[in-house]
Structures are given as C-alpha cells and as structure tokens.
Amino acid sequence: MEAPVKFMRGIRAFKGGRRVGGQDRRMASDVPSRRVLGAEALGTGVLVCVVIGSGILGSQLSRDFGVVLVINMVATILGLGLLIYLLQPVSGAVFNPVITVVLWRRGAMSGRSASTMSLTQIVGACLGALVANSMFNRPAVSISSTSRSTVGEFLAEIIATAGLVAAVSACLDRGATSALVFVVPAWIGSAYLFTSSTSFANPAVTMGRTLSDSFAGIAPSSVGIFLIAQVMGGVLGYAVAWVWGTSRVEQR
C-alpha cells in the first residue's frame, strides 16, 4: 500500500480520538513519504504565493483597502479550494501545522510525522513568499513592517483558528473529507471579511508572510502573539468539536 493512501486512511479512520471499526492508532504512524511531504510543501508554498501575490497586485490596481482586501480574499479562497482538490488524494492537503496537530491528536499520525509535516509546511510557506516577491520584481526577502499586534487582532485569530479547526473536525467526524474542498475555503473567506486579523489561522502561513513587506505581510514582532492566538484557537476548536461529537454519540 502506498504511503499517501495509508496516510489518508489513517485520517479517515478516527473520530475525535476514539477508535473506529477496530482500527489501530498506529495505522498511520509511519513518517510521511517524500511524496506526501512534497505535496504539503508545494501546497503550502503555492497558498502563500497566492496570498502575497494577490495582495501585491491588488495594491497596484487600487489604493482602496476594501478593494484590495476583496481581491486578496477571492484569490485566496479560489486558490485554496483548487489546492485541496488537487492534493488531498496525495497528502490530505493539510497545509497547516494547527490542523496537523489536530490530526495527530485524533490518531491519524504519530508525533514524529506531525513534527516532520509541520516543519515541511513552514519551509514551503517561506519559499512561497520568496517566489511571490520575485514575481513582482521585489527583493526575494523583504521583511514586513506591518504590525498586527492589537488585542482585537489577537481575539480575531483565536476565533478564526477555532472556527477552522471545528469545521475540519466536523467534516472528519462525518466522514465527509470530500467536503473540505468547499468547507475550508468558505470559512477562510468569511473570516477574511468578519475578523480584524483577516484570518491567518495558520502558523506556517503566518511565518511565511513575515518575508514580504506588502499588503499581506506581518511584522516579525507580531508573529508571537499570532502564534499564541492560533494555538489557543486550535485548542478551543478541538474542544468544541469534541463536545459536538460526544453529544451526537450520546443522542444515538
């Protein structure tokens, strides 16, 4: 059995960390194959490239913040949906260390696999930022000066990440992994427009966006507070999903 297939079966085999159908938690404990890691690096890199590139182009087309934000949001949700559709059969199309940790907690992968995949996602995100900068004839690395360290943005990242984790967990609990291609972009797109942080909800993407001094950038000094918020949001979203799952089982 090829590693990607085994990995995806591991993701589908567990609901809320509970054993399902007699499956063993060690089922997907192997370190991800180079194919899986390559897909995660590519997907995360392209995602960051889309986020940064659309922000740069939008800023060149208009000085209206709202117009640029909508351009950035539309490009991001379209690109994200396409990436999930193309790469989900290969690696699960995770692209996010928070979701990777959630999958580890659910028993879909080992701690070693989760660490390796998270590092791969971060590397891919940073490379994607370099490509986006270069496409617009900017220095490949231009450290962002955009501060995003207000209390409101901290709260916004908690909400954005919690919603993402809860939405992904709901799809996994229902065995509806094919719905992720719609559910994830839908949440990210809506959170773009109702949160003050514009919904980063992803540690790898956050780190990658420090390398571009553009519309989508974030200053390194703001990264710490965003990462803390994303971890808190991940825990909150996981807890909400667990309660929903428990309630649904008890009602049957």
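Things worth noting here:
- Among Val231, Val70, Val46, the residue with the largest mean-square fluctuation in a Gaussian network model of the chain, with springs joining Cα atoms closer than 10 Å, is Val70.
- Neighbour-count order for Met117, Met232, fewest beta carbons within 10 angstrom listed first: Met232, Met117
- Working note: Karplus 6.51/-1.76/1.60 with θ = phi - 60° gives the stretch 211-227 the couplings 8, 9, 7, 9, 3, 8, x, 9, 5, x, 5, 9, 5, x, 5, 5, 5 Hz, where Gly and Pro are set to x.
- Angle of helix 111-135 to the longest C-alpha principal axis of the chain, folded into 0 to 90 degrees and rounded to 10: 20°.
- In terms of other Cβ atoms within 10 Å, Arg174, Arg63, Arg106 run from fewest to most in the order Arg63, Arg174, Arg106.
- Note: relative contact order over the chain, using C-alpha pairs below 8 Å and six or more positions apart, is 27 percent.
- In the chain, inverting the average of 1/r over every pair of distinct C-alpha atoms gives 18.1 Å as the Kirkwood radius.
- When the charge dipole of the chain is built from unit charges on Cβ atoms (+1 for Lys and Arg, -1 for Asp and Glu) and taken about the Cα centre, the candidate among Cys171, Gly224, Ser110 whose Cα reaches farthest toward its positive end is Ser110.
- Ranked by how many other Cβ atoms sit within 10 Å of their own Cβ, fewest first, the residues Phe95, Phe65 fall in the order Phe65, Phe95.
- Using C-alpha pairs below 8 Å separated by at least 6 residues, the relative contact order for the stretch 87-200 is 21 percent.
- This model, with +1 at the C-beta of Lys and Arg and -1 at the C-beta of Asp and Glu, gives the chain a dipole about its Cα centre of some 840 debye.
- Between Thr146, Phe95, Ala160, the Cα set farthest toward the positive side of the dipole of the chain (charges on each charged residue's Cβ, about the Cα centre) is that of Phe95.
Throughout, read-outs are computed from the coordinates displayed, never taken from laboratory work. From a predicted model like this one, the values you see are computed outputs, not experimental measurements. No Cβ is skipped: glycine too gets one built from the backbone with ideal geometry, and neighbour counts run over all protein chains shown.
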